[in-house]
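These notes are about the structure you will find just below.
Every number here is computed from the coordinates shown, using simple stated rules; none is lab data. Nothing here was measured: the structure is a model prediction, and the numbers come from that model. Note that we place each Cβ from the backbone using ideal geometry, even for glycine, and neighbour counts take in every protein chain shown.
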Amino acid sequence: MDHHVALAAGSMWWYVGWIILALYMAITITIGRRLSPGQRVRFEKGWGIFILGSYVVIQFLLVYHDAYTLKNSLPIHLCSFSRILSFILLTLRKKWAFYPLFFWGLMGGLHALLTPESTFGDGTFYLLEYFLGHAGIMVVPVYMLFVHDYKIKKYGWFSAWILLNSLLPLIFLISVWTEGNYMFLRERPLVNNPFIIGEWPWYLIGFETIGLLHFLLFTLLFYNKMEKTHR
């Protein structure tokens, strides 16, 4: 059974997604700045558990409703990786997770909100979890920038792009084996996104180019948070 559902830009759920992002960003950064160091550690550990735990709950619900399939349900979309990185960064406090999360989470979350396509159907709970989950992977790296004063590496954009591309052959093989479409490597998404140009495999070239440009854009937007080189 295919559970992919595209949501129209300007629909009620589309606006709900952006409201969730705005509130999520404002609340977490405000809380993080006001807590003591010890309280902040506990808050972030609980937050990371929530991010990963909500995704695990979805998996159990899919199994319970006999809707879990290898074709659609494996956690190997870009945003699934970003959730795992969020957990590693917040709960396990592994700083290396910040660098791919900053670029992957911002790009994946941004387009998931601009042109939403739920892979778990259009049930209310699934959609709320979809928007909370995708907002979260955008909020976490921004939170680390402004609460913990993390810095972006000068060539972090390129490292994140290379790391992502190193995963694609394996993701493609898994998609072929399961007859799935993880990271949309076998079929173009259902959504009407101007960055998706042409059919397979040509839209993949656009994915690569636009992805790299997004990474550069995020670097420029947060240029004041870049590591400074001292002579």
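How much of the calculated P(r) for the stretch 50-93 lies past 13 Å, in percent of all Cα pairs?
Roughly 57 percent, rounded to a whole number.
Counting each DSSP H run of 4 or more residues in the chain as -39500 (n - 2.57), what helix-only mean residue ellipticity at 222 nm follows after dividing by all residues, to the nearest 500 deg cm²/dmol?
Taking each H run of at least 4 residues, the total per residue is -22000 deg cm²/dmol.
Of the cross-linked pairs Lys94/Lys153; Lys45/Lys153; Lys95/Lys225; Lys45/Lys154; Lys45/Lys71, which ones have a Cα-Cα span greater than 20 Å in the structure shown?
Lys45/Lys153; Lys45/Lys154; Lys45/Lys71
State whether the stretch 5-70 is rounded, prolate or oblate according to the following rule on the C-alpha gyration tensor (a ≥ b ≥ c being the square roots of its eigenvalues): a/c under 1.5 gives rounded; otherwise a/b larger than b/c gives prolate, and the remaining case gives oblate.
oblate
On full extension of the chain, what length is gained from Arg93 through Leu190, given 0.36 nm per residue of separation minus the C-alpha to C-alpha distance?
Extending this stretch completely gives an extra 31.3 nm.
List every DSSP H helix in the chain whose Cα atoms extend 20 Å or more along the helix's own long axis and whose mean Kyte-Doolittle hydropathy is at least 0.5.
12-34, 37-64, 98-114, 124-147, 156-178, 202-221
Mind ordering 45-51, 128-134 by average Cβ neighbours within 10 Å, highest first?
128-134, 45-51
So if I place +1 on the C-beta of Lys and Arg and -1 on the C-beta of Asp and Glu, and nothing else carries charge, what would the dipole magnitude of the chain be about its Cα centre? I want it in debye, nearest 20.
My answer is approximately 1420 debye.
Please name which of Ser73, Ser118, Trp104 has its Cα lying farthest along the dipole of the chain towards the positive end, using unit charges on Cβ (Lys, Arg +1; Asp, Glu -1) and the Cα centre as origin.
Final value for the positive-end residue is Trp104.
Given Cα pairs under 8 Å that are at least 6 residues apart, what percent is the relative contact order of the chain?
27 percent
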